Every structure is written in structure tokens, then in C-alpha cells.
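> Sharing a structure with you now.
The values are calculated or read from the model by the stated rules, or taken from the named source; none is laboratory data. None of these values were measured; they are calculated from a predicted model. Counting neighbours? That spans all protein chains shown, and the Cβs are built from the backbone with ideal geometry, glycine included. When the accessible area is computed, the model is the full protein with side chains, heavy atoms only, and any ligands, DNA or RNA have been set aside. Shrake-Rupley method; radii C 1.70, N 1.55, O 1.52, S 1.80 Å.
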Amino acid sequence: MKKALVLGAGGFIGSHLVKKLKHEGFWVKGSDLKYPEYSKTEADEFIIGDLREQKICDIVLNQYFDEVYQLAADMGGAGYIFTGENDANVMHNSALININIVERAVKHKIGKIFYSSSACIYPEFNQLDPESPNCAEDSAYPAQPDSEYGWEKLFSERLFLSFSRNYKLNVRIARFHNIFGPKGTWTGGKEKAPAAMCRKVAEAVNGGEIEVWGDGKQTRSFLYIDECLEGVRRLMNSDFTGPVNIGSDEMISINDLAQMTINISGKNLTINNISGPLGVRGRNSDNKLIESKLYWKPNWPLLKGMEITYNWILEQIKNKTI
Ligand code: NAD
């Protein structure tokens with residue numbers, strides 16, 4: 001039986017990944033600061049611990065694994081990453097985790113290691129026009145991410161690639177673009193746009209309004225969790241190192257995302273654009289590389305994933321108020 005290790009297994013993507021790997025027949029060990037928030041972990045073994053600590057990493061990555069997935073990071077949505085207040089922690093904590101893990105992955109001669117980078121590594125100057133942002137993989141340099149979160153991801157991509165060159169570590173790197181879906185953070189300040197939008201709409205009184213950060217003309221694309229994991233597994237099963245985008249190329253303005261959510265709810269709501277932390281003006285996944293290397297790209301319509309996510313968040317709100 002193949003063995004997998006998922007770091008960040010208590011998080012949104014990690015907890016879904018554990019479930020997928022179990023269904024594929026892997027024996028899975030997980031580790032995180034916390035257990036998954038919204039369902040019991042399906043991991044065979046789960047170690048609660050701080051991966052910034054050497055001793056914890058020695059316990060967690062202590063043997064050969066066929067596959068290791070490094071998803072643990074200090075991260076959140078715009079309200080966490082773009083205010084500047086968490087910059088030192090984001091850089092320090094995530095870099096430490098990656099440095100600790102890469103060293104042990106070499107020591108135990110693991111089969112393959114996946115690293116989750118981000119669309120936030122792309123230069124701000126290529127994302128000023130909301131209608132035509134450039135996020136092709138080879139546009140990453142000269143680098144100018146708009147957040148320290150993006151700079152740390154870029155550093156860690158290079159860290160993994162260096163270990164691949166110098167120590168023959170078998171690495172796969174994906175740059176995720178705004179992954180969303182059920183069992184993701186939807187309240188508390190670390191939630192991202194789709195979940196925040198669903199919460200605001202679900203909580204709004206019919207005939208009222210919802211607040212949306214910025215002028216609402218900023219654009220993004222959002223990828224449903226199942227398609228993200230499909231991309232991760234296809235990348236791991238391929239010979240391609242990456243970095244490669246794993247994202248949707250269905251670009252939408254934030255106001256249109258708000259309107260889509262309002263339409264799903266069936267409510268009559270107005271959108272009130274207010275100032276707030278934003279990030280780049282436009283961003284969309286460029287899927288030419290993934291298509292040419294993996295002969296696959298995500299293709300679910302955004303609406304389908306948003307309907308599922310809205311209904312899940314609505315249920316959470318109802319359960320909270322019972
Ligand atoms: P998440 O915050 O839900 O999961 C990250 C997990 O890492 C959390 O459970 C957290 O507790 C854990 N963690 C943080 N510090 C830790 C520490 N010191 N020791 C042990 N565990 C620690 O985020 P996610 O959405 O599941 O993202 C997973 C990965 O994908 C992250 O590396 C993230 O940067 C990357 N990514 C996500 C998105 C997205 O849209 N969700 C986009 C781009 C990149």
C-alpha cells in the first residue's frame with residue numbers, strides 16, 4: 001500500500017486531499033496545528049504539532065513516504081495578507097516550515113514531494129489591467145509580487161527547485177489560483193472572496209444590501225476544490241516538475257461574483273462598494289501550460305461550484321443559530 005504524508009492536513013485543501021488519497025487507496029499520515037474544522041479527518045494517523053519546530057518535523061517526516069504534500073502555510077484571504085499586519089509572521093512561519101520539510105524529505109529519500117505555491121507570485125505590473133492580466137508561468141520573472149505572501153511562495157518554489165537540482169529531490173510545484181468550496185474558512189477574517197460573498201449574501205435580509213471591497217471591477221478566477229485536487233493528482237502522476245498554474249480561466253469581476261451569489265440565493269439585494277484590502281486589479285489563470293503538459297485543464301463553470309458552496313455556508317449559518 002502506498003504511503004502519503006499531507007502537511008496542512010487540518011486545512012481546507014489538505015483535509016479534502018486526505019479524503020481523496022484515502023479513496024485512491026493510500027495509507028495517509030496527516031499533520032497540522034489543528035484538526036479539520038468541519039469534519040473528522042480521514043487520515044490513518046494525524047499528528048498535531050507546529051511544523052516550524054525541528055522536533056515536530058522529526059516526528060512527522062520520520063520515514064520513507066511515496067508521496068509528500070506540503071500545504072502547510074500561514075495564510076488567509078485579502079483581509080489577512082494585504083493589510084501588512086501579518087507580513088513578518090507569514091514570511092517567517094511559512095519559510096521555516098518549507099526549510100524544515102525539504103531537508104527531511106531528502107534525508108528519508110521520499111518518492112515525490114508536492115509544493116503548493118500561489119498565483120500571488122505573479123508580478124503586480126502584469127496585473128494592472130482587470131481585463132487582460134498576464135499570469136503565464138514564464139511571466140513570473142522579473143519578480144514583483146504585490147505581497148510578502150507572494151515573495152515567500154517564490155522563495156520556497158526556488159528552495160524546492162534547488163533541492164531538486166542539488167539533491168535529486170523529486171519535486172512537483174503548482175501555483176493555485178483562488179481555490180474554494182465547502183469546508184473552507186467562511187468567517188473570522190481568513191476567509192477568501194467566494195466564501196465571504198456567500199456568507200454576506202446568506203446573512204443579508206431580503207431587500208437589504210451587501211458590502212463588497214473596492215469598486216468591484218477588480219477581476220479574479222476561482223477554482224472549485226474537486227478540480228484543484230484533480231490537477232494536483234494529475235501533476236503528481238506526471239513527469240512534469242512545474243511550476244504550473246492550477247486555476248480556472250473563467251475570469252469574473254468581484255461585483256459580478258457578488259451578483260452571481262445574490263442570484264443563487266434568490267434574494268433581492270443591492271451591492272455597496274466600500275474601501276478594503278484588495279490585491280492586484282486583475283488576475284486569471286493562464287492554462288496553456290497545464291493543457292500542453294497534462295492534456296487536461298479545469299473546466300467546471302464557476303456557477304456550479306458557487307451553488308454548492310453557497311448552500312454549504314447557508315447550512316453552517318443555520319446550524320450556528322439553532
Ligand atoms: P489553510 O489555511 O486552510 O491550510 C493551511 C494549513 O496549514 C492550516 O490548517 C494551518 O493550521 C496549517 N499551518 C499553518 N502554520 C502551521 C504550522 N506552523 N505548523 C503546522 N501547520 C501549520 O489553507 P488552504 O487554502 O488549504 O491552502 C493550502 C496551501 O495552498 C497553502 O500553502 C496555501 O498557501 C496554498 N494556496 C492556497 C490557495 C487557496 O485559494 N486556497 C491559493 C494559493 C495557494
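> Do you know which residues across the range 40-65 are touching a Phe, Trp or Tyr at 6+ places or on another chain (Cβ under 9 Å), open to solvent by less than 70 Å² (accessible area, probe 1.4 Å) and part of a strand (DSSP E or B)?
PHE46, the sole residue that qualifies.
> Looking at the range 1-39, which of its residues are in contact with a Gly (Cβ under 8 Å, 6 or more places away or on another chain) and farther than 24 Å from ASN93 by Cβ?
MET1, LYS2
> Can you pull out every residue in the range 274-294 that is modelled with pLDDT under 95, surrounded by 15 or more Cβ atoms within 10 Å (Cβ to Cβ) and not in a loop (DSSP other than H, G, I, E, B)?
Within the range 274-294, just GLY282 meets the criteria.
> Check SER156 against each of (1) more than 14 Å from the ligand (Cβ to nearest atom); (2) open to solvent by less than 20 Å² (accessible area, probe 1.4 Å); (3) closer than 25 Å to GLY79 by Cβ and name the one condition it does not meet.
With respect to (1) more than 14 Å from the ligand (Cβ to nearest atom); (2) open to solvent by less than 20 Å² (accessible area, probe 1.4 Å); (3) closer than 25 Å to GLY79 by Cβ, SER156 is out only on (1).
> Can you list residue pairs whose Cβ atoms sit under 7 Å apart, with the first residue in the range 185-201 being in contact (Cβ under 8 Å) with a residue 40 or more places away in the chain and within 13 Å of the ligand (Cβ to nearest atom) and the second being outside any helix (DSSP H, G or I) and of a type in the set (Ser, Thr, Tyr)? Count only pairs 6 or more apart in sequence or on different chains.
GLU191/THR185; ALA195/THR185
> Something else: Among the candidates ARG175, ARG199, single out the residue that is closer than 15 Å to ALA78 by Cβ, modelled with pLDDT of 95 or more and open to solvent by less than 40 Å² (accessible area, probe 1.4 Å). Reasoning before the result, please.
On the way: ARG175 fails: closer than 15 Å to ALA78 by Cβ.
Answer to the check: ARG199.
Residues are listed down the side, and each one gets a yes or a no for (1) touching a Ser or Thr at 6+ places or on another chain (Cβ under 6 Å); (2) in the same structural domain as TYR35 (by TED's automatic domain parsing):
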| position | (1), (2) |
| --- | --- |
| GLU157 | yes, yes |
| LYS190 | no, no |
| MET197 | yes, no |
| LYS200 | no, no |
| ALA204 | no, no |
| GLY207 | no, no |
| GLU211 | no, no |
| GLY214 | no, no |
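> Here's something else I'd like to know. Against the conditions (1) more than 27 Å from SER147 (Cα to Cα); (2) assigned by TED's automatic domain parsing to the domain that holds ALA119; (3) in contact (Cβ under 8 Å) with a residue 40 or more places away in the chain, where does ASP239 fall short? Just the number, please.
(3) is the only condition that ASP239 fails.
> Turning to a different aspect of this structure: For the subset of the range 3-36 comprising residues that are away from the ligand (no atom under 15 Å from the Cβ) and part of a helix (DSSP H, G or I), which member is surrounded by the most Cβ atoms within 10 Å (Cβ to Cβ)? Quick ask: steps written out before the conclusion?
At the first step, the residues of the range 3-36 found to be away from the ligand (no atom under 15 Å from the Cβ) are 3-4, 22-28.
Still in the running and part of a helix (DSSP H, G or I): 22-23.
Details: LYS22: 16, HIS23: 9.
So, considering only residues that are away from the ligand (no atom under 15 Å from the Cβ) and part of a helix (DSSP H, G or I), the one surrounded by the most Cβ atoms within 10 Å (Cβ to Cβ) is LYS22.
> Another one. Suppose we keep only residues that are part of a helix (DSSP H, G or I) and open to solvent by 40 Å² or more (accessible area, probe 1.4 Å) within the range 70-91. Which one would you say is nearest to the ligand (Cβ to nearest atom)?
In this case the residue turns out to be ASN89.
Here is a yes/no grid of residues against (1) assigned to a helix (DSSP H, G or I); (2) surrounded by fewer than 20 Cβ atoms within 10 Å (Cβ to Cβ):
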site	(1), (2)
VAL232	yes, no
ASN272	no, yes
TRP296	no, yes
GLN316	yes, yes
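> Something else now. Could you say which residue among PRO142, PRO133 is assigned to a loop (DSSP other than H, G, I, E, B), assigned by TED's automatic domain parsing to the domain that holds TYR38 and under 22 Å from the mean Cα position of the chain (by Cα)?
Details: PRO142 fails: under 22 Å from the mean Cα position of the chain (by Cα).
Result: PRO133 is the single residue among PRO142, PRO133 that is assigned to a loop (DSSP other than H, G, I, E, B), assigned by TED's automatic domain parsing to the domain that holds TYR38 and under 22 Å from the mean Cα position of the chain (by Cα).
> When you go through (1) touching a strand residue (DSSP E or B) at 6+ places or on another chain (Cβ under 7 Å); (2) outside any helix (DSSP H, G or I); (3) open to solvent by 40 Å² or more (accessible area, probe 1.4 Å) one by one for GLY242, which number turns out not to apply?
That leaves (3) as the condition not met.
> Tell me which residues, restricted to the range 92-117, are open to solvent by 70 Å² or more (accessible area, probe 1.4 Å) and away from the ligand (no atom under 15 Å from the Cβ).
Those that are open to solvent by 70 Å² or more (accessible area, probe 1.4 Å) and away from the ligand (no atom under 15 Å from the Cβ): GLU103, LYS107, LYS109.
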